[in-house]
Every structure is written in C-alpha cells, then in structure tokens.
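Colleague: Here's a structure for you.
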Amino acid sequence: MNYNKKTVKDIDVKGKKVLLRCDFNVPQDKATGAITDDKRIRAALPTIQYLLDQGAAVIACSHLGKPKNGPEAKFSLAPVAKRLSELLEGKEVIMAADVVGEDAKAKAAALQPGQILLLENTRFEKGETKNDPELAKAMASMAEVYVSDAFGAVHRAHASTAGAAAHLPAVSGFLIEKELDIMGKALADPKRPLVAILGGSKVSSKIGVINHLLDIADVIIIGGGMAYTFAKAQGGSVGTSLLESDWLDYCNEMIAKAKEKGVKLLLPADTLCAKEFSADAEPVLHDTMSIPDGMMGMDIGPKTVEEYSAAVKDAGTVIWNGPMGVFEFPKFAEGTRAIATALAGTDAITIIGGGDSAAAVAQMGFADKMTHISTGGGASLEFLEGKELPGVACLLDK
C-alpha cells in the first residue's frame, strides 16, 4: 500500500468548499451528555485552522457512537460544535440539523470562505456504514475538495470515509499525514532493531499482526492474556487463565516461523496470578509454564519485566499494541507500567498503537515521552497487519 499521499498543502483550497472528515467520536458523560475528553477534537484543530487560514469554507463531518435507528438526540454532534467553537477561540461553528437534508444543503450553499459548518452525525444516515453511493454523492455535491483527517475511521469503507472521496480531489489532513509518515516508515523502513510488543487478551485478534510482523520485526514480545495460549501450546499448565484452545497449533506455527526467520520471540517467564478476577485478589508469583489449578494469570512477573525492558533498551524502533496485564487493577498494572517506563526511557522511536496501550500510557503520565501515539485503535491494528486501509487508499498519491 502506498503511504505517500497528497496533503492539504499540495492543493489550493482558497475560496473552495472543503468536505473535511474528522474523528469527533468523543466519550461523553452518560447522564449529562457532557464531553469527558476532547482529545479528538483538539487533534483536528491544526487541519481546520490551516484550511480556514487558507480561505477555505470548511464543511466538517464525523460519526459519534452507534445510533441504531436514525437520528437520536443523545448522539447529536451539537456538544462537539460547542466545544469546537471554544477551541477555535470563540469562532462560530454553524451546526446543520442533518447530514444531506434541506438544512445541511442550504447552510453548505451559503457558507463563505473562512466559515465552518458541522454536519450532523453521519451515522444518522442509514447509508453511511453501507457506503451507499447515493449518500456519498450527496455529501460530495456540497463541496469541491475532500480532506480526510479521521485516522480512527480509515479502516472502514463508509460513505464519509471513502465513498465521498471518489467524487472529489481527495487529500489527507495533518493528522493522517503524521500517522502515515511515522507508522508507514516504521513498517517500511524502520530504524533497527525493530521491537514489537503485543499484548491484549486474545491471540485470535492479533493473528494478522503477528504474521505480518514476523516478516519485518527483529524481536516480538508477547504479553497479556494471549501469552497463556502460547504457554499451553508449548505444554505448560495455565490454570484458569485466559485460553483460546482453538489457537494452540497456530501458536506453535508462529514459534516455528520465528525460529526459521531468525526473529526473537519473547514469551513471559513468570506471571503474577490470582484466585479470582478482581482488584482485591492477592497476587501470587508463578512460573508461566506451571500455573496451578484454580489460579489465573493477571500480569507479567518481575523476571519477565526485566527481560522485556532490556529488549526495549537496545531497540531502534518500538511498536506497542496491547497491555501486559489487567492494568485496570492497580495490583496487576505493574507489568504495563514497567513497559511504559522502559519506552519512556529509551532513545528508540516509540509508537503506541492506539486503544488500551494509548489509554495506559496516558493514564500513567508517559504520553509526552512517546514519539507517536496513534489516534486509531482499529486502524493502527490493521495498519500493523499490512492491510489496505480504504480511507487512505482513496486519497491521491503524491
């Protein structure tokens, strides 16, 4: 896949209407609807500000949540418009009452250079997630240029992420440019050694990633719940730990493939276990290959922490996706914290692949010590699998 895409700086947007796909899928307070974290809105500001400064009329759009039956007040982007206006230092963000209805069309037609309009939640349209050609055409008809800056949604071929781009000159915003530049380079031409740290609960959700990384990484580190399937595959006993017994053969194939390719595959030597899955459970240390019956693995142990931290220290590039243990429980967050600390202290290029690892790094206060924290969990995972991302493929090549 070509990651070298045209950006907003490669085209003239002066006096033009720009359909800008953002990722405003922000977390909200269930009771009040108040936005609890505006990180995604802030992330879009450089592109929005640039387009406005260049004299474009910006028609922004995004999805929010998963509305099932058309428009629902609790999924409205109105709170986003209000917050965006505050972040743009009081500039009015005109809010459309629909996506491609009478109100949106009238407001888009009247929009002047330097003004910004926010369309209502794209998922209020049934055709959005089906990439309905009529909806895509209707969205594109309001503008003269398409800009994508929603990295969190580029792995989906929806009307607003890929469909509309077929009808207009399509380029990336600064957020996607940065993602493609840093992650694309880390995979295509990494500063070596390239160390990939994979955690999370399931082997099955990381198959594509492990497979792809075995072709390009120097070291692959396995942590989290999926480590127990690897341990079991090698004849270990894992007690009541998370186990995907359908994937045992696959784990052994991966171990063999790593050997054959000369990739160092590191698995946890020791594990912090507990009798039950709870924050109050007492941590007990066991060898990963011999976890007793009635005990479950909850985090990597000190010996493993030492080995994994040493591998990170010598790295040129580190890509991390997925926590090492149940980091929501303080007693079982040490493995994840140790990895975050090791990444914060290395001279390597450090890339955090969205999702839980990004949350852990932010929660532990290490966000500013990382080279790059991806804004898209699902998208960065598919990126690491080497899959084509429809919302990137549709943009013009440089």
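Colleague: Measuring from label point to label point, each 7 Å out along Cα→Cβ, what is the Asn2 to Asp103 span in nm?
Modeller: According to this spin-label approximation, the distance is 4.1 nm.
Colleague: While we're looking at this one, here's another question. Which value, in debye to the nearest 20, describes the size of the charge dipole of the chain about its Cα centre when Lys and Arg Cβ atoms bear +1, Asp and Glu Cβ atoms bear -1, and nothing else is charged?
Modeller: Roughly 800 debye, rounded to the nearest 20.
Colleague: For a paramagnetic label modelled at 7 Å from the Cα of Ala166 toward its Cβ, which residues of region 361-391 fall within the zone defined by backbone nitrogen distances under 14 Å?
Modeller: Within reach of a label on Ala166: 390-391.
Colleague: Sorting check: for 189-197, 82-90, which peptide has the highest mean count of neighbouring beta carbons within 10 Å, and how do the rest follow?
Modeller: The packing order, highest mean first, is 189-197, 82-90.
Colleague: Restricting to bridges with both residues inside region 179-323, how much of the DSSP beta-bridge set is antiparallel, in percent to the nearest 5?
Modeller: 35 percent
Colleague: Quick one: divide the alpha-carbon radius of gyration of region 33-99 by 2.2 N^0.38 Å and tell me what you get.
Modeller: The reported ratio for this selection is 1.16.
Colleague: Sort 162-173, 22-33 by packing, meaning the average of other beta carbons within 10 Å per residue, with the highest value first.
Modeller: The packing order, highest mean first, is 162-173, 22-33.
Colleague: How long are the three semi-axes of the equivalent ellipsoid for region 184-384, computed from the Cα gyration tensor as the root of 5 times each eigenvalue, in whole Å, largest first?
Modeller: 25, 20, 14
Colleague: If R₀ is 22 angstrom, what is the calculated FRET efficiency for the pair Glu388 and Asp314, using the beta carbon separation as r and rounding to 0.05?
Modeller: Between Glu388 and Asp314 the formula returns 0.10.
Colleague: First measure r as the distance between the Cβ atoms of Glu72 and Lys185, then evaluate 1/(1 + (r/R0)^6) with R0 = 45 Å and state the FRET efficiency to the nearest 0.05.
Modeller: With R0 = 45 Å, the Cβ-Cβ based efficiency is 0.65.
Colleague: So for region 151-203, considering every pair of alpha-carbon atoms, how many percent are separated by more than 16 Å?
Modeller: Counting pairs separated by more than 16 Å, the tail of P(r) holds 62 percent.
Colleague: While we're looking at this one, here's another question. Extending each Cα 7 Å along its Cβ direction at Thr36 and Asp397, get the distance between those two points in nm, one decimal.
Modeller: Between Thr36 and Asp397, the label points sit 4.4 nm apart.
Colleague: Where the centroid of each part is defined by its Cα atoms, how far is region 280-299 from region 114-139 in Å?
Modeller: Their Cα centres are 50 Å away from one another.
Colleague: So which trypsin sites (Lys or Arg not before Pro) in region 222-325 are both in a DSSP loop and have at most 12 other Cβ atoms within 10 Å of their Cβ?
Modeller: Loop-located and lightly packed - none at all.
Colleague: Can you tell me how much longer the chain between Ile94 and Lys257 gets when fully stretched, taken as 0.36 nm per residue apart minus their C-alpha distance, in nm with one decimal?
Modeller: My answer for the length gained is 53.2 nm.
Colleague: Kindly give Rg over Rh for region 8-175, based on alpha-carbon atoms, with the Kirkwood expression for the hydrodynamic radius.
Modeller: 0.92
Each reported figure results from applying straightforward, stated rules to the coordinates on display, with no laboratory input. Everything numeric in this text was worked out from a predicted model, so none of it was measured. Methodologically, a virtual Cβ is constructed for each residue, glycine included, from the backbone with ideal geometry; neighbour enumeration extends over all protein chains shown.
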